[in-house]
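One structure below.
Derivation of every value follows stated rules applied to the coordinates shown; laboratory data play no part. Given the structure is predicted, the values throughout are model-derived calculations rather than measurements. Please note: Cβ atoms are built from the backbone with ideal geometry, for glycine as well, and neighbour counts cover all protein chains shown.
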Amino acid sequence: MDNLYKHNSGDPLSKEDLIRLNYTEWLVTNGLGGYASGTLGGTLTRVFHGYLISALSSPLGRTMMLNDILEELVLANGQTISLNGVQTEKGDYPGATAHLINFRLDFGLPVWTYEAGSLTIEKRVCLPHRQNTSYIDYRVTGGSGSAKLHLRPAVNMRGHESPVSSPIGSYMLTVRDHHYELKPPSEIPPLRMMLMGKDGHFAMDCRTFADVVYNIERSRGYEWRGDLWSPGYFSAAIGPGSDVTVVASTENWDVMSALHPHQAWDAEHDRKRRLLMEAHPGTCDQTCRELVWAADQFVFTPVGRQQDTARARAAGDEIRSIVAGYHWFTDWGRDTMISLEGLTLITGRQVQASYILRTFAHYIRDGLIPNMFPEGKTSGLYHTADATLWFFHALNKYLESANDRHLLNQLLPQLVDIIGHHLRGTLFNIHVDPADGLLVQGQEGYQLTWMDAKVGDWVVTPRRGKAVEINALWFNALKLLEKWLRGARRDSEADGMAEHAARASKSFNQRFWYEKGGYLYDVVDSEDGGDDASCRPNQIFAISLENPILDDSHWKAVVRTVKERLLTPVGLRSLAPGEKDYKPNYDGDLRSRDAAYHQGTVWAWLIGPFIDAWLKVHKGDLKTAREFLDGFKPHLQQACVGSISEIFDAEPPFTPRGCCAQAWSVAEVLRSFVKTSGIDTIEEKPAEMATAN
């Protein structure tokens, strides 16, 4: 993706330039849950920004290891040019500078181009797959002459969500044969660093950068000032034909020395090419290529859960999961199951999908899969009413793609047990109402649906009772299990599932149709005894799922209402304008943001089920369905370049908010692009895919 930022060398930075440089982000991941991330201009604005956030074993979890590298070019005449810097309250380092003339993505990886003195310098960042290692490479691509490049690592090693104000402590630097090991005063492992470059050396020059300002943290109501410490700086000669690379890692020296920087970059390019070659043929255009690479960022091996890894490998499997969003989410059951089709099946990663399904099947307890795995923990939390029902949906999509009868036979007893727990009643008051066959959920103090915002003891959208999408998912799960049981020639059990499904369907169509509004109630038999007529997107699942629970006579009215009141260029609003709790903007402190999280805020992932429902009502109208995705193309150059944000404000200009890269946003947009491409059979890819850049 070329020219995401362009600037003429020597021109002053405009206000628009500064906003673009300081608030547009990049992201590189390593397949372990670790990552590197920052702003285009190099200014730290989030607690999560750094060149190496390692995924470490429990109880550490993801850990900030290398926060920043301050870059200076020393010309032959002694002039020093800062290529980037940190913003402090004293203003001693300026942050983004005018020497950056271009930023682009190359195979999804960030590339900066600077003009300084007589040299044009290209900077790249690469994290080798499944290593906690970062390569930060500098090479001259134009100009003449030579200079010295000074690269100063700055650190405050901490949990990646720990406040930026966390005390630095005292570090111990060990040097041996140009290997540099920086050990913090804690259980965090040492940061190992190497410099590769001509005449390279390290100069001891300890510095503390006090009161570094993190502007996004300030706007979100969190700690926004903190200190960084540097033991000194690396120095190497740079000129035409010479590279300078800093390698930073928490791996052992043999691992981090295994690849020369060019080999690391080439290996990642080859891996990205293979991703394109294995993906669905409907991913051939540039937008879908970027989304295929974005999808890769979320599929990971949870290195912290070592017992699970040992168990899986003993059975000939691997443990896999999906990071729900960067930077702060871990793996969530609901997000994983919704994302599985777009992130793995559309991208040709059926084996990875099977590992994910087996991983979550291992954690089934009391008829539920986990809602989430907290950072640094080895066990999950189960407070969810829908994640388990989404498990049926994900499994069905996998079976359609891979025809893995062995996995189905292996899971069938667990699937029957899940339904049994729901029929009898399980945790959090999740149970089937014997009076009408509909699924009830809700317990005081818990948020069990996907609309799960909670501040302290305040559950913002409790939705306790019989929620519309929960019952759509329940019916779908019953019908899928009926099909699978019949395939296994267990007809008497299948008949039982069919009876439960028929009863739920009859009750649903009697209870959920809101005649006055011409759409579906969001919740019936709510905790206060009434029915909630709030116009929300949850009703779309009554049509969009494999087995729609809603009578088709109401499909057109529901789709029309959702289109007219909830559809935006970047997804569906979570509540229609005009409703009493509607909030047009998601901003302010945590309480203000969570109050708006599902009260109007737009969710990108909902475009997928909307398009599914649209095409059921408007069969064959792929052109219109494709147009619903147009707003996501420019968004790939905003927020986190090459990815899709979690949420957006409910009104124009639909400012992106929340996580800047979200799994189910990417998954459902990519799936929707493929679905509307008109290509639904696997065929040979165009030759251009092999060399796509």
With θ set to phi - 60°, apply the Karplus curve 6.51 cos²θ - 1.76 cosθ + 1.60 along segment 614-619 and write out the HN-Hα couplings as whole Hz, x wherever there is a Gly or Pro.
4, 6, 6, 7, 10, 4
Charge dipole (the chain, unit charges on Cβ, about Cα centre) - positive-most of P652, A494, H422
A494
Counting just the Cα atoms, what span does the chain cover along each of its three principal axes? Round to the nearest Å and put the largest first.
85, 54, 53
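Run through segment 489-592 and list the trypsin sites (Lys or Arg not before Pro) located in a DSSP loop whose Cβ has at most 10 other Cβ atoms within 10 Å. Intermediate values should be presented prior to the final figure.
Values: sites: R489, R490, R503, K506, R511, K516, K556, R560, K563, R565, R573, K580, R591; in loops: R489, R490, K516, K580.
Taking segment 489-592 and a limit of 10 other Cβ atoms within 10 Å, the loop trypsin sites (Lys or Arg not before Pro) found are R489, K516, K580.
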GluC sites (Glu not before Pro) lying in DSSP loop within segment 174-234, provided at most 11 other Cβ fall within 10 Å:
E187
Against the longest alpha carbon principal axis of the chain, how many degrees, from 0 to 90 and to the nearest 10, is the axis of helix 261-278 turned?
20
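What does the highest-first list of 435-442, 385-392, 244-251, 308-315 look like by mean Cβ count within 10 Å?
In decreasing order of mean packing, 435-442, 385-392, 244-251, 308-315 become 385-392, 244-251, 435-442, 308-315.
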Tell me, what ³J(HN,Hα) does each residue in segment 455-470 have, in order and in whole Hz, if you take phi through Karplus 6.51 cos²θ - 1.76 cosθ + 1.60 with θ = phi - 60° and put x for Gly and Pro?
10, x, 8, 8, 8, 5, 10, x, 6, 6, x, 10, 7, 5, 6, 5
Between segment 51-83 and segment 455-500, what's the alpha-carbon centroid distance in Å?
49
Calculated from backbone phi, Karplus (6.51, -1.76, 1.60) coupling profile of segment 57-67 in Hz, x at Gly/Pro
5, 4, x, 6, x, 6, 9, 6, 10, 10, 6
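Report Rg(Cα)/(2.2 N^0.38 Å) for segment 498-547, keeping two decimals. Present the calculation step by step, with values, prior to reporting the outcome.
On the way: Rg = 11.5 Å, N = 50, 2.2 N^0.38 = 9.7 Å.
Output field value: 1.19.
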Between D581 and W328, what FRET efficiency follows from the Cβ-Cβ distance if R0 is 35 Å, with the result rounded to 0.05?
0.85
Distance in nm between label sites at D630 and E400, each 7 Å beyond Cα in the beta-carbon direction?
2.8
Give the Rg (one decimal place) followed by the Dmax (whole number) of segment 279-691, computed from C-alpha coordinates and expressed in Å.
20.1, 61
Count the net charge of all other residues whose Cβ sits under 11 Å from the Cβ of I319, scoring Lys and Arg as +1 and Asp and Glu as -1.
+1
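Provide the three semi-axes, in whole Å and in decreasing order, of the ellipsoid equivalent to segment 382-470 as defined by the square roots of 5 times the Cα gyration tensor eigenvalues. Write out the running numbers ahead of the final one.
Numbers: eigenvalues 152, 50, 23 Å².
Whole-Å semi-axes of the equivalent ellipsoid: 28, 16, 11.
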Nearest-0.05 FRET efficiency for S242 and E181, computed from C-beta distance (R0 22 Å)
0.25
Taking the Cα centre of the chain as origin, work out the dipole magnitude from +1 charges on Lys and Arg Cβ and -1 charges on Asp and Glu Cβ, in debye rounded to 20.
460
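In Å, the Kirkwood hydrodynamic radius of segment 13-164 over pairs of distinct alpha carbons?
Details: mean 1/r = 0.0619 Å⁻¹.
It works out to 16.1 Å.
Taking the convex hull of the alpha carbon atoms in segment 1-95, what volume per residue do you get, in Å³? Please list the in-between numbers first.
Numbers: hull volume 14.2 nm³, N = 95.
Per-residue hull volume (Cα only) is 149 Å³.
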Please list 76-82, 344-350 highest first by mean number of surrounding beta-carbon atoms within 10 Å per residue.
344-350, 76-82
Could you give the nm distance between label points at K516 and D433, where each point is 7 Å from its Cα heading toward the beta carbon?
1.9
For L70, residues with placed amide H under 5 Å, excluding near neighbours:
R152, A154
Can you give the relative contact order of the chain as a percent, counting alpha carbon pairs under 8 Å and 6+ residues apart?
12
Give the Debye-formula value of log10 I(q)/I(0) at each listed q (0.07 Å⁻¹), with one equal scatterer per alpha carbon of segment 5-272, two decimals each.
-0.22
Charge tally for neighbours of P189 with beta carbon under 14 Å away, counting Lys, Arg as +1 and Asp, Glu as -1, is +1
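Lysine pairs in segment 5-272 with alpha-carbon atoms under 20 Å apart, 8 or more places apart or on different chains: how many are there? Can you show the working numbers first?
Numbers: K6/K15; K6/K123; K123/K148; K123/K198; K123/K272; K148/K198.
Close lysine pairs under the 20 Å cut-off: 6.
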Among the Cys residues of the chain, which have no other cysteine Cβ under 4.7 angstrom away?
C126, C206, C284, C288, C535, C659
FRET efficiency estimate (nearest 0.05) - Cβ-Cβ, E223 to A203, R0 30 angstrom:
0.40
Distance from the Cα centre of segment 1-48 to that of segment 272-297, in angstrom?
23
Extension gain from Q443 to V74, taking 0.36 nm per residue of separation minus the Cα-Cα distance
126.5 nm
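Let me check I've understood the local charge: for L606, count other residues with C-beta under 11 angstrom from its C-beta, Lys and Arg +1, Asp and Glu -1. What total comes out?
On the way: positive: R536, R573; negative: E469, D612, E668.
Taking every other residue near L606 into account, the sum is -1.
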Looking at L73, S235, L109, which one has the Cα that reaches farthest to the positive end of the dipole of segment 5-272 (charges on Cβ: Lys, Arg +1; Asp, Glu -1)?
L109
Compute the angle between helix 405-424 and the longest alpha-carbon principal axis of the chain, please, reported from 0 to 90 degrees and rounded to the nearest 10.
60
What is the P(r) of segment 562-647, as percent of Cα-Cα pairs per 5 Å bin from 0?
3, 14, 21, 21, 19, 13, 6, 2, 1
Helix 286-296 axis, angle to the chain major axis (alpha carbon atoms, nearest 10°):
90
